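Quick notes on the structure that follows.
The values are calculated or read from the model by the stated rules, or taken from the named source; none is laboratory data. Just so it is clear, the structure is predicted and the values come from calculations on it, not from any experiment. Cβ coordinates were reconstructed from backbone atoms using ideal geometry, including for glycine residues, and neighbour counts include every protein chain displayed.
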Amino acid sequence: MAGGGLRFGYYLGIYQALCDTGRRPDLVIGNCGGAMATALLLEALSDSSETSRQSLITVMNSRLPYESIGSITDKRSDGYGQYLMPALKRWCGYQLSHLLNRPIRHTHLTDKLIGNLTHHAIGHVDGETHTPCWRFDEPTSKPSATHALILASQLNRIHAHHQWQGLLWTSNPLLWQALEELTPTNIMARYSPLICADYHLTNLPLSVMVRASITDMYYLPPLCHDDHCLMGGVIDLTPIELACQLADVVYAEPKSPFGRVLAEPAIHHVFGFSPNARLQDVHDYMANNPQIRHLDTKDYRRVRPLFDKKPNLRQGRILAYHHDFTTFVQITAEQFAYGYDVGLRCDE
């Protein structure tokens, strides 16, 4: 469950289709929007070791995701100048480096860049301080047919410099032990000196981990929790190598390219690597690995998102438009149905 954005509900449809066709996943890996879907799956599993279609739909249509998504809003006091000019500078610098055939190579993170992750973010979570206002219950300790692994990142200070480190959170103590023994290497360190080569296993609260994982730079500010600066799973949106280390069969979707105007320059600016170059490597890896079953979600944009972002030229802002609860339920049903069809079409 990597990414998905505001259409992450289709992951739950995929999961249920795999269950209904005798291919129930033992483990789901979630990051970014997929972390929210993973938390909802754990919520559905809290009363039973297995989910049913109805239990997943009930959780998706509850007030929990509606109020969680509804708390994400725009900064109505800020105009375009707050974030448009910095975005334009990132784009120009990135384009110039390619024109000159001199790729920008970041070797350290500045305090100014870290501060701007909050200052230049176009949105925020209402009522949030150092603890997310979301209330996902911690997973139960009883046996479950499916376990979860969620990815995010944190900022570490190494000597005089900052460096990003991947975070791994799991609902399964046995998987925690296996990860400790496996000591997986974060392959993203090959792409950028700003990223640590090792993961950190964390027991952060589930709500904190989900909020951290969905953080996209310059969309939502980082979460500051217990003196740690937590960022999103976009540090490695498709951790396909990790998935193949942990499983014999992996169901994964080839992701769409990152936007070249906003997303690619922003990720390169913060994490120090080209996300589209990394994505091409992921697609090559998937094409040549017999462990992987491909989920075809290339037309996922035909499904409505859970809320809309629209520029308001008169006010000079990008505004978030949330749906009422009835419309929200209709959209989650569309997302679930789309994902279910994708799961059914995925051949062994």
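Mind checking which residues of segment 17-35 are assigned to a helix (DSSP H, G or I) and touching a strand residue (DSSP E or B) at 6+ places or on another chain (Cβ under 8 Å)?
Residues satisfying the conditions are 18, 34, 35.
Residues of segment 168-191 being more than 16 Å from residue 240 (Cα to Cα) and crowded, with 20+ Cβ neighbours inside 10 Å, which ones?
Passing the criteria: 169, 170, 171.
Are there helices (runs of 4 or more DSSP H) fully within segment 53-122 with at least 2 residues that are at pLDDT 75 or above and loosely packed, with under 11 Cβ neighbours inside 10 Å? List them.
111-119
Could we say that residue 202 is of a type in the set (S, T, N, Q) and on the phi > 0 side of the Ramachandran plot here?
So residue 202 does not fit the description; no.
Would you call residue 246 out of contact with any Ser or Thr (no Cβ under 8 Å at 6 or more places or on another chain) and at pLDDT 90 or above?
Criteria met by residue 246.
Select from segment 252-262 the residues that are in contact (Cβ under 8 Å) with a residue 24 or more places away in the chain and over 15 Å from residue 285 (Cβ atoms) and write down the one among them that is surrounded by the most Cβ atoms within 10 Å (Cβ to Cβ).
So, considering only residues that are in contact (Cβ under 8 Å) with a residue 24 or more places away in the chain and over 15 Å from residue 285 (Cβ atoms), the one surrounded by the most Cβ atoms within 10 Å (Cβ to Cβ) is 262.
Collect the residues in segment 172-217 that are touching a Leu at 6+ places or on another chain (Cβ under 7 Å) and part of a strand (DSSP E or B), keeping them in residue-number order.
Hits for segment 172-217 are 200, 201.
For every residue, the table says whether it meets (1) among the aromatic types (Phe, Trp, Tyr); (2) crowded, with 21+ Cβ neighbours inside 10 Å; (3) without any contact (Cβ under 8 Å) to a residue 24 or more places away in the chain.
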| position | (1), (2), (3) |
| --- | --- |
| 148 | no, yes, no |
| 200 | no, no, no |
| 218 | yes, yes, no |
| 221 | no, yes, no |
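Considering (1) charged (D, E, K, R); (2) outside any loop (DSSP other than H, G, I, E, B); (3) touching a residue at least 40 places away in the same chain (Cβ under 8 Å), say which one residue 347 fails and leave the rest.
Going through the list (1) charged (D, E, K, R); (2) outside any loop (DSSP other than H, G, I, E, B); (3) touching a residue at least 40 places away in the same chain (Cβ under 8 Å), residue 347 breaks only (2).
Just to be sure before I move on: is residue 169 closer than 22 Å to residue 124 by Cα and assigned to a strand (DSSP E or B) in the structure I sent?
In short, no.
From the set of residues in segment 280-315 that are in a strand (DSSP E or B) and under 27 Å from residue 121 (Cα atoms), which is modelled with the lowest pLDDT?
Only one residue fits best here, namely 312.
Pick out the one residue from 308, 347 that is surrounded by fewer than 15 Cβ atoms within 10 Å (Cβ to Cβ), among the acidic types (Asp, Glu) and either closer than 18 Å to residue 73 by Cα or touching a Ser or Thr at 6+ places or on another chain (Cβ under 9 Å) (or both).
Result of the check over 308, 347: 308.
Collect the residues in segment 316-333 that are in a helix (DSSP H, G or I) and either touching a residue at least 60 places away in the same chain (Cβ under 8 Å) or of a type in the set (Gly, Ala, Ser) (or both), keeping them in residue-number order.
325, 328, 329, 331, 332, 333, listed by residue number.
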